[in-house]
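**Q** Pasting in a structure now, in structure tokens, and then I'll have a few things to ask.
The values are calculated or read from the model by the stated rules, or taken from the named source; none is laboratory data. Quick caveat: nothing in here was measured; it's all calculated off a predicted structure. Ideal geometry is used to build each Cβ from the backbone, glycine not excepted, and the neighbour counts take in all protein chains shown. Areas reflect the complete protein model, heavy atoms only, side chains present, ligands, DNA and RNA absent. Shrake-Rupley method; radii C 1.70, N 1.55, O 1.52, S 1.80 Å.
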Amino acid sequence: MHLKVTKYRGICFKDFCKLWTPPYLPKYLILSPFTICMKLDFPRYTERLGAVSIHAVQRIYELDSGKSKGFQSSHQTVRKFDYDEISNILHDLAIVIPIKNEKLKLLEGVLSGIPNECLVIIVSNSSRGPVDRFAMEGETVRQLGRFMDKRMIIVHQQDAGLADVFKKAGYDSILDADGSIRSGKAEGMIIGLLAAKMYHKDYVGFIDSDNYVPGAVNEYVKIFAAGFGMSTTPYCNVRVSWVFKPKVKNNSLQFSKWGRVSEITNKNLNSLLATITGFETDIIKTGNAGEHALSMPLAECLHFTSGYSIETREFIDIFEKFGGLVPSEYPQIIEKGVEVFQIETRNPHFHEDKGMAHLNEMIEASLATIFGSKICPQDLKETLSDQLKHVTKKRTDYGKKYLILEPINTIHMPEFEKGIREKVSTFLRIGRLK
Ligand code: GDD
Ligand code: MG
């Protein structure tokens, strides 16, 4: 039996080992520093834009490479993470799960895939009537929480008290004309981000609630931790690249690699880079990665955009703020640099199929986000405009459709936190959480 050592504030794993080495420990409690959790590429190639480093897709060699006495902390091409290194990061990581009317069985599977160290934050925009799906989610989470002994939060996006807290904090960009919180995945993610900040988390990962495979969810979280573990700066974005997104065609599974949306988004983001640098590139493979993570110091200064445009916007915002093309308000970040990791899963991605209209909505959101960027050159704007005409015939003011959400660092946290605890009746905490 091995004692699993997690981070104690202020005492790192190595020091802990020095303190507790045999003969002081009974034999059955001998520490196991040799358990290796994940083995993956170091970045093989990197494109640089100003202070931003975008690493090419990295492969995982082993999800669990077992125990090995010959374990060395570094190797020329392959980075190995031992369990404790990953676990230490997981303690500082919150996983935000946006949910809107998904099957409870899927949510349950997702929760079971998230390592116990993480704080789980579920932000629901599910219907409250005629059937109160949010209440059902709350009950499911509460019941599972008892058995999992996991720290979890669940909150409803349309809670009037929550809207009031945002109003008081002066964070109007999340509110609609009536003063309610807008619907949208991005809006849910911002709420999750703020909850993570309340609990002083250093990292936040986002995982959709409609994932069919709990093992894949577990892999995403470890990928996030491995990315943060490899980062050389506090400003880091880790994006999941799916090895396959299988679809059923003619009664058999087709292991397609790219969905239509990601193909279009990646092509245009790469064109944006190419027009800026003068060199063609295909480095970006994760323009729409719903499963991704941000370090809090980076997340809190980004401008996001509403709905499904958020993942593309993160790339655009990082390029605008730190790409060196326009003056930056964040010289301290420019000095340290921003790193974007793209890590390919071993598990294929199975999720709910929501139909063509939904996919078109996402293509529109992504193209409009690139089109709206202040660093998008005129000739790319023209091709984006042509592509947008193929997606929708309607003339649309995209600036009004995909609204900008202000950085969350504009919010005074102590006041916000007090408001959440006092006014938000749907803010449920499960499992030893204050
Ligand atoms: N809180 C909240 N509020 N959650 C929402 C909302 C909302 O208004 N709308 C959707 N969600 C939840 C869904 O329940 C799901 O868990 C997750 O957000 C993603 O929404 P889907 O509707 O399932 O999106 P998708 O699967 O088509 O697209 C996903 O993958 C894309 C990449 O392939 C999303 O994550 C996209 O953002 C991503 O680009
Ligand atoms: Mg989905």
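**Q** Can you say whether K418 is open to solvent by 80 Å² or more (accessible area, probe 1.4 Å) and in contact with a Gly (Cβ under 6 Å, 6 or more places away or on another chain), as far as the supplied structure shows?
**A** When the stated conditions are applied, K418 does not pass them.
**Q** Taking segment 196-211 as the search range and keeping residues that are under 14 Å from the mean Cα position of the chain (by Cα) and open to solvent by 10 Å² or more (accessible area, probe 1.4 Å), which one is farthest from L107 (Cα to Cα)?
**A** Once the filter is applied, the top-ranked residue is D202.
**Q** Which is open to solvent by 20 Å² or more (accessible area, probe 1.4 Å), more than 18 Å from G290 (Cα to Cα) and at pLDDT below 95, of T277, T232?
**A** T277
**Q** Among the residues of segment 170-182, which ones are more than 15 Å from ligand 1 (Cβ to nearest atom), open to solvent by less than 20 Å² (accessible area, probe 1.4 Å) and within 24 Å of the chain's Cα centre (by Cα)?
**A** Y171
**Q** Give E329, E311, E406, E361 a once-over and let me know the one that is more than 15 Å from ligand 1 (Cβ to nearest atom) and either open to solvent by less than 30 Å² (accessible area, probe 1.4 Å) or without any contact (Cβ under 8 Å) to a residue 60 or more places away in the chain (or both).
**A** On inspection, the qualifying residue turns out to be E329.
**Q** Quick one: which helices (runs of 4 or more DSSP H) lie wholly within segment 323-434 and hold at least 1 residues that are within 16 Å of ligand 2 (Cβ to nearest atom) and of a type outside the set (D, E)?
**A** Passing ranges, in order: 356-371.
Every residue, every condition in (1) within 16 Å of ligand 2 (Cβ to nearest atom); (2) assigned to a loop (DSSP other than H, G, I, E, B), yes or no:
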site	(1), (2)
D164	no, no
K167	no, no
D178	no, yes
I190	no, no
L194	no, no
H200	no, yes
V204	no, no
S209	yes, yes
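**Q** Taking segment 188-206 on its own, how many of its residues are within 8 Å of ligand 1 (Cβ to nearest atom) and among the β-branched types (V, I, T)?
**A** 1
**Q** If the requirement is being open to solvent by less than 40 Å² (accessible area, probe 1.4 Å) and more than 16 Å from ligand 1 (Cβ to nearest atom), which of these qualifies: K167, K150, K185?
**A** Result of the check over K167, K150, K185: K150.
**Q** Does I36 count as modelled with pLDDT of 85 or more, at negative phi and open to solvent by less than 70 Å² (accessible area, probe 1.4 Å)?
**A** Considered against the rule, which asks whether it is modelled with pLDDT of 85 or more, at negative phi and open to solvent by less than 70 Å² (accessible area, probe 1.4 Å), I36 comes out as no.
**Q** Of (1) open to solvent by less than 50 Å² (accessible area, probe 1.4 Å); (2) within 26 Å of H303 (Cβ to Cβ), R395 satisfies all except one. Which?
**A** Checking R395 against (1) open to solvent by less than 50 Å² (accessible area, probe 1.4 Å); (2) within 26 Å of H303 (Cβ to Cβ), the one that fails is (1).
**Q** A216 - would you say it is within 13 Å of ligand 2 (Cβ to nearest atom) and either more than 23 Å from R313 (Cα to Cα) or crowded, with 24+ Cβ neighbours inside 10 Å (or both)?
**A** yes
**Q** Let me ask something else about it. Please verify whether segment 255-269 includes one or more residues that are closer than 17 Å to S53 by Cα, surrounded by fewer than 18 Cβ atoms within 10 Å (Cβ to Cβ) and among the aromatic types (F, W, Y).
**A** Checking segment 255-269: not a single residue is closer than 17 Å to S53 by Cα, surrounded by fewer than 18 Cβ atoms within 10 Å (Cβ to Cβ) and among the aromatic types (F, W, Y).
**Q** In the list V141, V120, V131, which residue meets the criterion of being among the hydrophobic types (A, V, I, L, M, F, W, C) and exposed (fewer than 15 other Cβ atoms within 10 Å of the Cβ)?
**A** None of the others qualify; the one that does is V131.
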